[in-house]
Amino acid sequence: MNYARFFTYFWLSILLFSCSWQGNSTVTNDVVIKVSDYNVIAGVEDVTQPLKNAISAAKKRNANKLVFEPGIYHFKSATAMADYDLLMSSKLHFDTPWGLGAEGYNKSISFNELNNLTIDGQGSTLVFHGLTQAIELISSHNITLQNFTIKWQRPLFSIGTVLIADGNTVSVEFDDIFPVVGGEPVWAYMDYNPQTKKLGVFDDWRIKEPMTFVSPQVLSFKSDRKLPVGHRLIVRHVGNYRPAIHLVNTQNIHFENVTILSAPGMGVIGHNCHNVSFNKLSVKPEKDHLMSTNTDATHFISCTGEISIKNSYFEGMGDDATNVHGFYLSIKKIIDQHNIVAYLEANTQDHLVDIPAVGDKMEYINRSNLSIIGGNIIKKVTAHENREMSIEFSKPLPKGFSANNLLANATKTASLHFANNTVKNIRARGILFQSRGALIENNTFDSTTGTGILIDTATGWMESTGTQDVIIRNNVIKSSGYGDGTYRNASGIAVLTESNQSISGVHKNLTIEGNRIEGVGNRGIYVCCSDNVQIKNNVINNSKPKIFTENTTNLTLINNTGSDSTSR
């Protein structure tokens with residue numbers, strides 16, 4: 001007998017049995033929470049409190065699945081409805097910074113400090129009433145959200161048909177599905193051409209006086225814009241109340257087959273998150289609504305790891321499909337060679353203070369042109385009031401370091417993989433990237449009023465930082481860049497800085513390859529303030545010129561073809 005072979009088979013059998021037992025143990029130990037067991041019933045007036053009880057049970061029992069029975073679930077709190085009434089009667093200002101300081105806000109569903117959980121809607125629709133944030137995930141890890149739809153019973157916008165626009169007053173007959181009575185605020189409005197089925201070119205903001213009653217469902221407001229009579233008009237009553245879904249300090253969050261039909265702000269905001277992915281995310285208008293989210297579909301602030309958005313659909317938003325960025329910090333005071341007081345000039349989109357962490361690498365940035373002039377590692381950071389913070393660096397500051405410089409966090413620079421998506425008929429840019437490492441491929445951008453793809457960094461919004469290692473390939477960009485959100489007169493792709501001066505090298509290592517741009521007569525591709533750029537094998541039609549570059553070094557142009565004009 002071959003004893004060596006016998007013992008080999010014996011221990012292998014023991015190992016396989018052990019693995020099999022552990023696998024079966026994992027299955028039998030699954031903890032599934034059915035929300036119906038906690039009186040979360042489809043069709044009832046409000047399930048806010050029962051769902052809180054179900055989530056508490058999931059946390060207490062360390063559940064790995066929270067399951068809805070298919071159906072329609074309503075979230076309708078008294079405070080959310082009261083705030084809605086105040087806003088729609090212009091007694092609550094549309095630019096209230098909800099979530100900043102003592103400015104409270106309503107929230108319907110909260111997942112806090114949960115791990116390894118799948119939330120499965122099984123095709124359910126979650127309907128929210130009034131002014132509320134739908135879902136938040138705070139300090140949670142390894143969460144999957146799947147198979148549900150989010151919408152508002154009465155979205156925070158109204159849509160109607162222009163009756164009069166004489167240069168002084170605009171009168172609109174609003175559709176019955178958007179009941180109005182007069183007194184509603186106008187945070188912004190834009191027109192929609194029913195013949196071309198595209199958003200128009202009229203776009204105005206923050207009308208000082210609320211709308212006035214003319215007759216049932218007919219309201220008027222003051223405006224000097226001579227809108228085409230018969231055009232549809234989308235009136236947003238608020239810009240960024242809160243996002244539909246808010247992620248803060250999370251890791252490994254995945255969305256699968258999730259739809260957002262409306263939201264009184266952005267669709268998803270992720271702040272200080274690590275790895276967020278979407279597959280089959282759909283942000284689109286409900287039937288006859290024309291608009292989905294009031295502003296961005298997705299937005300990511302000071303994240304790490306990868307933001308992945310694939311096989312998704314975006315339509316009807318009031319702003320970008322996605323924006324990935326950090327924030328520049330301004331310097332209030334230099335204390336000594338190692339210590340400064342810094343502050344955040346701009347409000348973040350979720351009104352949370354953006355504070356770097358110990359160990360983060362901070363780049364010194366020349367405010368006038370946004371170039372990198374050095375860097376350091378944070379040894380200690382202390383937050384103060386008024387968005388201020390004390391920062392101690394590991395190494396001494398260089399001689400002549402100026403308080404006029406900015407700081408950019410090079411550690412909080414999530415990469416982006418945006419692939420196989422459709423972005424259609426939205427106001428502003430298709431996507432905006434201001435971070436490090438992007439692959440934007442195989443997407444279609446159709447009829448965005450602004451530039452299809454924007455690579456940027458700006459002192460106005462204080463959104464950072466200069467990009468590196470960006471690949472834009474095999475995308476189709478058509479009928480875009482004709483209205484609001486068009487940068488440097490570019491329909492397809494624009495790479496630039498928004499600063500007082502332009503200098504080469506703020507953006508580095510850029511490839512624009514194999515894209516097809518069907519322009520609207522403007523520039524096809526614009527590139528500025530960059531170094532090591534390859535633009536090759538693009539087909540660019542109806543663009544004058546096809547390619548325009550300035551303040552760019554180490555530029556390679558190869559085989560870019562198409563009708564109208566020549567490369568420059």
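K222: which lysines have alpha carbons under 23 Å from its alpha carbon, excluding same-chain residues fewer than 8 sequence positions away?
K91, K208
Short version: what are the Cα gyration tensor semi-axes of the range 57-184, square root of 5 times each eigenvalue, largest first, in whole Å?
Details: eigenvalues 261, 68, 28 Å².
So the equivalent ellipsoid measures 36, 18, 12 Å along its semi-axes.
Compute the projected area of the convex hull of the Cα atoms of the chain, averaged over all viewing directions, and report it in nm² to one decimal place.
Spelled out: convex hull of the Cα atoms, projected over all directions, averaged, 32.8 nm².
For I517, what residues show an amide H to amide H distance below 5 Å, using hydrogens built from the backbone and excluding near sequence neighbours?
The list, which skips near neighbours in sequence, is I477, V539, I540, N541.
HN-Hα J couplings of the range 356-361 from phi, Karplus 6.51/-1.76/1.60, θ = phi - 60°, integer Hz, Gly and Pro as x?
Computed from phi, the couplings for the range 356-361 are x, 10, 4, x, 5, 8 Hz.
Please give every one of the aspartates and glutamates within straight-line cross-link reach of K76, meaning a C-alpha to C-alpha distance under 15 Å, and leave out same-chain neighbours fewer than 8 residues apart.
Within reach: E45, D46, D85.
How are the alpha carbon pair distances in the range 401-534 distributed across 5 Å bins from zero to the largest one, expressed in percent?
Values per bin, smallest distances first: 2, 11, 21, 24, 21, 13, 5, 2, 1, 0.
Using just the alpha carbons, could you tell me how many Å³ per residue the convex hull of the range 254-344 encloses?
Per residue, the Cα convex hull of the range 254-344 comes to 96 Å³.
Could you compute the net charge surrounding D296? Neighbours are other residues with a C-beta less than 12 Å from the C-beta of D296; K and R count +1, D and E count -1.
On the way: positive: R427, R429; negative: D319, D320, D350.
Net local charge, D296 excluded: -1.
Describe numerically, in nm with one decimal, the distance between label points set 7 Å from Cα along Cα→Cβ at T411 and at E550.
Rounded to a tenth, the inter-label distance reads 3.8 nm.
How much of the DSSP beta bridge set in the chain is antiparallel, as a percent to the nearest 5?
30
Counting only helical runs of four or more DSSP H residues, what would the 222 nm mean residue ellipticity of the chain come to if each run contributes -39,500 (n - 2.57) and the total is spread over all its residues?
Values: 3 runs with 50 residues, N = 568.
Taking each H run of at least 4 residues, the total per residue is -3000 deg cm²/dmol.
Computed from the mean reciprocal separation of all distinct C-alpha pairs, what Kirkwood hydrodynamic radius does the range 308-355 have, in Å?
Hydrodynamic radius (Kirkwood, Cα only) of the range 308-355 equals 14.2 Å.
Can you give the local net charge around S464? Use residues other than it whose beta-carbon is closer than 15 angstrom to its beta-carbon, Lys and Arg +1, Asp and Glu -1. Could the numbers behind the result be given before it?
Numbers: positive: K361, R367, K412, R436, K508; negative: E345, D354, D360, E363, D456, E463, E498.
It works out to a net charge of -2.
Please turn the phi angles of the range 308-319 into ³J(HN,Hα) values with the Karplus equation 6.51 cos²θ - 1.76 cosθ + 1.60 (θ = phi - 60°), one per residue in order, whole Hz, x for glycine and proline.
Using θ = phi - 60°, the values come out as 10, 10, 9, 6, 10, 9, 10, 8, x, 6, x, 7 Hz.
State the extension gain, in nm to one decimal, for the chain segment bounded by H338 and T382, taking 0.36 nm per residue of separation less the distance between their alpha-carbons. Intermediate results must be reported in sequence, preceding the final value.
On the way: separation 44, 0.36 × 44 = 15.84 nm, distance 1.39 nm.
Length gained, H338 through T382: 14.4 nm.
Residues in the range 480-524, backbone N under 17 Å from the label point at K197 (7 Å along the Cα-to-beta-carbon vector): list them, ranges by number please.
480
To the nearest 10 square angstrom, how much accessible area does S371 have with a 1.4 angstrom probe?
The accessible area comes out at roughly 20 Å².
Name the residues whose placed amide hydrogens come within less than 5 Å of the amide hydrogen of I119, ignoring near sequence neighbours (fewer than 5 apart) on the same chain.
L66, T144, L145, Q146
Mind jotting down a quarter of the surface of the convex hull over the alpha carbons of the range 298-395, in square nanometres, one decimal?
8.1
Using a 1.4 angstrom probe, figure out how much accessible area the chain has per residue, in square angstrom, rounded to the nearest whole. The partial results should precede the final answer.
On the way: 22940 Å² over 568 residues.
For the chain, the per-residue accessible area is 40 Å².
Give me the Debye-computed log₁₀ of I(q)/I(0) at q = 0.19, 0.29 Å⁻¹ for the range 149-206, equal point scatterers on Cα only, no solvent, two decimals.
Each listed q corresponds, in turn, to -0.85, -1.49.
Order the peptides 420-426, 393-399 from the highest to the lowest mean number of other Cβ atoms within 10 Å of their residues. Before the final figure, lay out the partial values.
On the way: 420-426: 22.3, 393-399: 12.7.
Order by mean packing, descending: 420-426, 393-399.
Quick one: ranking S282, S56 by accessible area, 1.4 Å probe, largest first, what do you get? Let's see the in-between values first.
Details: S282 15, S56 75 Å².
Highest to lowest solvent-accessible surface, that is S56, S282.
Counting other Cβ atoms within 10 Å, keep those with at most 13, restrict to DSSP loop, and tell me which trypsin sites (Lys or Arg not before Pro) in the range 64-134 are left. The partial results should precede the final answer.
Values: sites: K65, K76, K91, K107; in loops: K76, K91.
Sites meeting the loop and neighbour criteria: K91.
Using only the heavy atoms of the protein chains and a 1.4 Å probe, how would L496, L290 rank by accessible area, largest first? Don't jump to the answer; show the numbers that get you there.
On the way: L496 0, L290 50 Å².
Largest accessible area first, the list is L290, L496.
Which loop trypsin sites (Lys or Arg not before Pro) in the range 245-326, with loop taken from DSSP, have no more than 12 other Cβ atoms within 10 angstrom of their Cβ? Intermediate values should be presented prior to the final figure.
Values: sites: K280, K287, K310; in loops: K280, K287.
Answer in residue order: K287.
What does the charge count near L100 come to, summing +1 for each Lys or Arg and -1 for each Asp or Glu among other residues with Cβ under 13 Å from its Cβ?
Numbers: positive: R242, R387; negative: D95, E103, D350, D354, E385.
Its environment carries a net charge of -3.
Assuming 0.36 nm per residue, please report the length gained on full extension of the stretch Q122 to V32 beyond their Cα-Cα distance.
Details: separation 90, 0.36 × 90 = 32.40 nm, distance 1.37 nm.
Result for the pair: 31.0 nm of gain on full extension.
In Å, what is the Rg of the alpha-carbon atoms in the range 478-568, and how long is Dmax?
Taking only Cα atoms of the range 478-568, I get Rg and Dmax of 12.3, 34 Å.
So which GluC sites (Glu not before Pro) in the range 103-194 pass both tests, a DSSP loop state and at most 11 other Cβ atoms within 10 Å of the Cβ?
Values: sites: E103, E113, E136, E173; in loops: E103, E113.
Within the range 103-194, the qualifying GluC sites (Glu not before Pro) (loop, at most 11 other Cβ atoms within 10 Å) are E103, E113.
For the range 207-220, just list the computed ³J(HN,Hα) in residue order, Karplus coefficients 6.51, -1.76 and 1.60, θ = phi - 60°, integers in Hz, with x standing in for Gly and Pro.
Rounded to whole hertz, the list is 5, 5, 9, x, 6, 10, 6, 10, 7, x, 6, 10, 10, 10.
When we measure straight from the Cα of K379, which lysines land under 23 angstrom away, once same-chain ones fewer than 8 places off are left out?
Leaving aside lysines fewer than 8 places away in the same chain, those within reach of K379 are K332, K333, K361, K395, K399, K412.
May I ask you to rank S90, S262 by accessible area, largest first, using a 1.4 Å probe over the protein chains only?
Largest accessible area first, the list is S90, S262.
The values are calculated or read from the model by the stated rules, or taken from the named source; none is laboratory data. All values derive from a computational prediction rather than experimental measurement. Note that we place each Cβ from the backbone using ideal geometry, even for glycine, and neighbour counts take in every protein chain shown. Only protein heavy atoms, including side chains, enter the accessible area calculation; ligands, DNA and RNA are left aside. Shrake-Rupley method; radii C 1.70, N 1.55, O 1.52, S 1.80 Å.
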